[in-house]
Amino acid sequence: MSETFRLARHLGPSILVLLLAFATTGVAGAEDDAERAKEASAAPEFSHGLIELKRQATARGTPEETTKTNLKFDWFPQDGAVSLLRLELPFPDDKTTFAGSPFDPDFGDAKIRVGFRAVEVATQPFTSFVELTFPTADPESQGTGKYQFSVGAKTVFPSPPGPASFGSPKQSFSVQVQQVVSFAGDPERSDINQTKFELEWRDAWPSGHYVKATAKPVIDWVGNGRTGAVLELEYGLPLDARWGLAVMAGGLLWGEGVPSTYSTRAEIKLIYRY
C-alpha cells in the first residue's frame with residue numbers, strides 16, 4: 001500500500017473539515033503566536049521574534065510526552081501572508097522518570113510550523129497554522145518514527161465588558177482545534193491520527209504579567225476514538241523589556257495512556273525577545 005494512500009485513508013472527517021475551513025477562510029496566525037506578534041509590534045525593537053528555552057518534568061507520560069528540554073525559535077515576518085516561522089528542537093532525557101537526567105539528553109522529533117495572518121469571518125477573527133514533524137529522534141525510541149502533518153485553527157473571544165466581568169480588561173477565552181496525521185517513516189511504528197483541542201482562559205495585565213488555564217482534550221482515532229485530556233495552569237511575568245519567565249503545572253483529567261496525555265507535569269520556561 002503506497003504511503004499516499006495510507007495518508008488519505010487516515011484523513012477522517014475532522015481533518016477534512018479543518019482543511020475546508022483553511023481553504024475558505026484564507027491564511028491566518030496560530031495559537032499564542034498571534035498574541036505574541038501583536039504584543040511585539042507595540043515595541044518595534046523587539047518585534048522580530050523570540051527564543052524560548054523550556055524545561056519539562058513529566059510523570060507517566062505517553063512516549064512523545066516525557067521529561068525533556070525544549071528549544072524553540074520563532075520569527076515574526078513583518079509583511080506578507082506569513083506571520084510566524086518556527087523551529088522546535090526537543091531534547092528528551094535519556095532517563096524517562098519525572099526527575100529525568102537533564103545532563104544526559106537525547107534528540108527528539110524536530111518540528112517546523114508556519115502561521116498565517118488573521119482574517120475575520122462574520123466579524124469573528126480566525127487564525128490557523130500548518131506544522132510538520134520529522135522522525136529525527138536519536139535513539140529512535142525517543143520519537144514516533146513517523147513524519148507528521150498537522151493543520152490547526154483558532155478563534156479568540158474577548159471577555160464581555162460590564163459588572164459581570166472579573167480580572168483585568170484583557171482577559172479572553174479561546175478555542176483551538178488541531179488535526180495530526182502521520183505518513184511515511186517506519187512501517188513498524190504505530191500510525192498517528194489525533195484530533196486535539198485547546199480550551200484556554202487567559203488574563204493579562206499592562207505590567208506584562210499573565211495567568212492562563214488550558215484544558216487539552218484529545219481524540220485518538222487510531223485507538224478507536226478513545227479520549228483523554230489534561231489541564232494546565234500557567235503564570236508568566238516579565239523580567240525586563242526583553243526577557244520573560246513562566247511556570248506551569250499540569251495534570252491528567254481523564255484517559256490515562258491516551259496519546260498526548262500525561263499524569264503530572266511541571267514546567268519552567270525562559271523567553272527572550274529580539
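FYI, it's all coordinate maths here, none of it is from the lab. Since we're looking at a predicted model, the values are computed, not measured. Glycine also receives a Cβ, built like all others from the backbone with ideal geometry; neighbour counts cover every protein chain displayed.
For each pair in Lys111/Lys170; Lys170/Lys196; Lys54/Lys212, compute the distance between the two Cα atoms and list the pairs where it is over 24 Å.
Those over the limit are Lys111/Lys170; Lys170/Lys196.
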Whole-Hz couplings from phi, Karplus 6.51/-1.76/1.60, listed for the stretch 197-208; x for Gly and Pro:
10, 10, 10, 10, 9, 9, 10, 9, 10, x, 5, x
Trp254 and Ser172 label points (each 7 Å along its Cα→Cβ direction) are spaced in nm at 3.0
